[in-house]
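Presented below is the structure to which this report refers.
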Amino acid sequence: MAVGINAMAVTFVAHALAVMVLVWSISYRGGLAWEATNKNLIFNLHPVLMLIGFIILGGEAIISYKSLPLEKPVKKLIHLILHAIALALGIFGICAAFKNHNESNIPNLYSLHSWIGIGVISLYGFQWVYSFIVFFFPGGSANLRSGLLPWHAMLGLFVYILAVGNAALGFLEKLTFLENGGLDKYGSEAFLINFTAIVTILFGAFVVLTASAKSPSPSSSNDDDTVDYSYSAI
């Protein structure tokens, strides 16, 4: 499946959007800390790390196959490493949320956002581990890789779309808490949170479009891999 969109052009737009999703945490929430008397500083690590990890780096890992004019083995390695970093940051971000809740005497895993979040990181980890074994090392047979590739690509996009939706749900949950605590519903911070959530969704949409777009250049013929790892293989 491929749509008539130049992948490189879409990627430039996606990169511009990625810069904007961090504005809220940097400008309004008072900073970041792993150890602090103000436990909100610990929680602030959660949205920052989840956005950088699952949304931005996870998206970059997906579009790397279409946006980078490199040999396929190099793109595959970049894809693998970016997803590994995204997974590590996601785990760290979830740990920050648990740490904040535990030190603030707040119950864990009571919201839909947290339930979906655990599901997303579990699927993300499963996807990365089995993909590493099948597609990278020790690597499955050509028939096995060919058979699993469409499922790998579809599951990857499904998990990414779920992560983007859950990020928007997290923004809504946090904004609701802040407004219940007295935040001006029409103030600049409320506007920025809503706008950042919209930008996050748009970024996710551009990632999916890029994954479905035409490759910027033909695949290299000297790659000794017989399987097309491009997302257009769906």
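The values are calculated or read from the model by the stated rules, or taken from the named source; none is laboratory data. These figures come from a predicted structure and were not determined experimentally. Cβ sites come from the backbone with ideal geometry, for glycine too, and all protein chains shown count toward neighbours. Remember, those area values only see protein heavy atoms, side chains included, never the ligands or the DNA or RNA. Shrake-Rupley method; radii C 1.70, N 1.55, O 1.52, S 1.80 Å.
Details
- Lys174 being open to solvent by 30 Å² or more (accessible area, probe 1.4 Å), under 19 Å from Lys39 (Cα atoms) and among the charged types (D, E, K, R): yes
- Taking first residues from the stretch 87-99 that are over 24 Å from Phe132 (Cα atoms) and partners that are outside any helix (DSSP H, G or I) and open to solvent by 30 Å² or more (accessible area, probe 1.4 Å), the Cβ contacts under 7 Å between residues at least 6 apart in sequence or on separate chains come to Phe98/Asn108.
- Subset of the stretch 113-139 (residues that are without any contact (Cβ under 8 Å) to a residue 40 or more places away in the chain and surrounded by fewer than 16 Cβ atoms within 10 Å (Cβ to Cβ)): Trp115, Ile118, Ser122, Gly125, Phe126, Val129, Tyr130, Ile133, Phe137, Pro138, Gly139
- In the stretch 100-112, residue nearest to the chain's Cα centre (by Cα) [restricted to those that are open to solvent by 70 Å² or more (accessible area, probe 1.4 Å) and free of Cβ contacts under 8 Å to residues at least 40 places away in the same chain]: Leu109
- Ile94 vs. criteria within 20 Å of Ala197 (Cβ to Cβ), open to solvent by 40 Å² or more (accessible area, probe 1.4 Å) and of a type in the set (Val, Ile, Thr): no
- Residue among Val208, Val199 that alone is among the aliphatic types (A, V, I, L, M) and open to solvent by less than 20 Å² (accessible area, probe 1.4 Å): Val199
- Residue check, Ala2 surrounded by 19 or more Cβ atoms within 10 Å (Cβ to Cβ) and either at pLDDT 75 or above or not hydroxyl-bearing (Ser, Thr, Tyr) (or both): no
- Of the residues in the stretch 155-167, at least one is under 13 Å from the mean Cα position of the chain (by Cα) and under 21 Å from Tyr28 (Cα atoms).
- Any hit, the stretch 109-119, residues being aliphatic (A, V, I, L, M) and outside any helix (DSSP H, G or I): yes
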